[in-house]
Amino acid sequence: MVAELSAELIGQVEQAAQLLQSAKRVCILTGAGISAESGIPTFRDKQTGLWENYGVEDLATPEAFTRDPKLVWSWYQWRRQLVADKAPNPAHHALAQWQYHAQTSDQTVTLITQNVDDLHEQAGSSVTHLHGHLWRDRCGQCEIPYPEQSSAAYIKQDTIRFDDKLITCPHCDGYIRPNIVWFGEALPVQAWQAAEEAAANCDVFISIGTSSLVYPAAGLSQLAKQNGAQVIEINPDPTPDTIVDITFAEKAGLILPPLIEAITDL
Ligand code: BV8
Ligand code: ZN
């Protein structure tokens, strides 16, 4: 893996590995960019096909669902179909390997994601979802999980349907919607508290594959910095996150495997 890196990048990986190896608490925040190499388009990518004339902000809001539930539900069914056959990439696997290695060390590696796909779980990571789960539904009115048994441990129902027929809640006359945090909606309290605690108390904060544009998630690196953490960013494109100490302007799938190898081998 390291063979693909330039001498400069190898030096940066070694510098970051030294920092991370001695860190007691690490907080990682991932965004859509970590799933890009698995073939899942990011939010920055232009929408395609049927959806090319819609912006995420036109569809991922409670107002859009109230106005046109069928349109919004169809968009999520289309996204589920798009994501269903995608697999974790080397970046997901590297993070899961690091968490596994940390179990027998005195290091805590907390993974927080903005993503609604389950590729971190598929790679074996334990992860906190700030913006919900693409594979979970709930009633848009009484908020009961649908189907009810899916509210327990995270299971990806094998009986996922992709048709875009609206489903009415068995308990009230509300429509079933994805259990996802839309723009203008509050984040799940426990998930947000876990993210704030991890960011405020970490020695190193790593931001991977996020444009750092959406709040409150985008404020976590600032919170970490204010509490004395070093901040590392892995993103091929520049972001407005100006408090970064080490920037890898590269793809996560290229940087994370050698970085985790360097940390766990040290
Ligand atoms: C809230 C689920 C308050 C949906 C998402 C006006 C009205 C209301 C609210 C607001 C407002 N103005 C501002 C706000 C706040 C708003 C916000 O921040 N808006 C933005 C647009 C300014 N935030 C909210 O509304 C949040 N809620 O504030 O509630 C409240 C409080 C109490 C009570 C009631 C209300 C909720 C925000 C969550 C929205 N849901 N996702 C779905 O998936 O359908 S957001 C969605 O976009 C993602 O989850 C993520 O969080 C966000 C940004 O996406 P990224 O993950 O960063 O992906 P992106 O495509 O942007 O970037 C990818 C990056 O990867 C790029 O930089 C690229 O260069 C890089 N990359 C590409 N390839 C690779 C790579 N990196 C590494 N390796 C690669 N190979
Ligand atoms: Zn209901």
> At residue 171 and residue 183, where each label point lies 7 Å from the Cα along Cα→Cβ, what is the point-to-point distance in nanometres?
Replying inline: 3.0 nm
> To two decimal places, what compactness ratio does segment 211-255 give when its Cα radius of gyration is scaled by 2.2 N^0.38 Å?
Replying inline: 1.14
>> How large is log10 of I(q)/I(0) for the chain at q = 0.07 Å⁻¹ when the intensity is taken from the Debye formula with one equal scatterer per alpha-carbon?
In response: -0.26
>> With θ taken as phi - 60° and the coefficients 6.51, -1.76 and 1.60, list the Karplus ³J(HN,Hα) couplings across segment 93-107 in order, rounded to whole Hz; mark glycine and proline as x.
In response: 5, 5, 5, 5, 5, 5, 4, 5, 5, 5, 4, 10, 10, 9, 9
> If the chain between residue 264 and residue 163 were fully stretched, how many nm would it gain, using 0.36 nm times the residue separation less the Cα-Cα distance?
Replying inline: 31.9 nm
>> Given R₀ = 41 Å, what would the calculated FRET efficiency be for residue 15 paired with residue 42, taking r from the Cβ atoms and rounding to 0.05?
In response: 0.90
> Can you list the HN-Hα couplings for segment 44-59, worked out from phi with the Karplus curve (6.51, -1.76, 1.60; θ = phi - 60°), rounded to whole Hz and with x for Gly and Pro?
Replying inline: 6, 5, 4, 5, 10, x, 4, 9, 5, 8, 10, x, 3, 5, 7, 10
>> Under the rule a/c < 1.5 gives rounded, and otherwise a/b versus b/c splits prolate from oblate, where does segment 22-113 land using the Cα gyration tensor?
In response: prolate
>> Just to compare against my own numbers: the Cα pair-distance distribution for segment 1-71, 5 Å bins, whole % per bin, please.
In response: 3, 11, 12, 12, 16, 12, 7, 8, 9, 7, 2
> Amide H of residue 206: which non-local residues (sequence gap of 5 or more, or other chain) have their own amide H closer than 5 Å, using H built in the peptide plane?
Replying inline: 27, 28, 29, 232
> Which residues' amide hydrogens lie under 5 Å from the amide hydrogen of residue 108, considering only partners 5 or more residues apart or on another chain, with H built in the peptide plane?
Replying inline: 25, 26
>> Can you compute 3J(HN,Hα) from phi for each residue in segment 201-214, using the Karplus curve 6.51 cos²θ - 1.76 cosθ + 1.60 with θ = phi - 60°, rounded to whole Hz and x for Gly and Pro?
In response: 10, 8, 8, 9, 10, 10, 9, 10, x, 10, 7, 6, 10, 9
> Highest mean first, what order results for 44-52, 128-136 on Cβ atoms within 10 Å?
Replying inline: 128-136, 44-52
> Assigning unit charges at the beta carbon (Lys, Arg +1; Asp, Glu -1) and nothing else, what dipole magnitude in debye, to the nearest 20, does the chain show about its Cα centre?
Replying inline: 480 debye
> With charges only on Cβ, +1 for K and R and -1 for D and E, what is the dipole size of segment 30-109 about its Cα centre, in debye, rounded to 20?
Replying inline: 180 debye
>> Could you work out the percent of alpha carbon pairs in segment 175-266 separated by over 20 Å, rounded to a whole number?
In response: 46 percent
>> Ratio of alpha-carbon Rg to the 2.2 N^0.38 Å globular estimate for segment 76-206, to two decimals, please.
In response: 1.17
> Taking 0.36 nm per residue of separation and subtracting the Cα-Cα distance, what length does fully extending residue 126 through residue 70 add?
Replying inline: 16.8 nm
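Every number here is computed from the coordinates shown, using simple stated rules; none is lab data. As the structure is a prediction and not an experimental result, all values here were calculated from the model. Cβ sites come from the backbone with ideal geometry, for glycine too, and all protein chains shown count toward neighbours.
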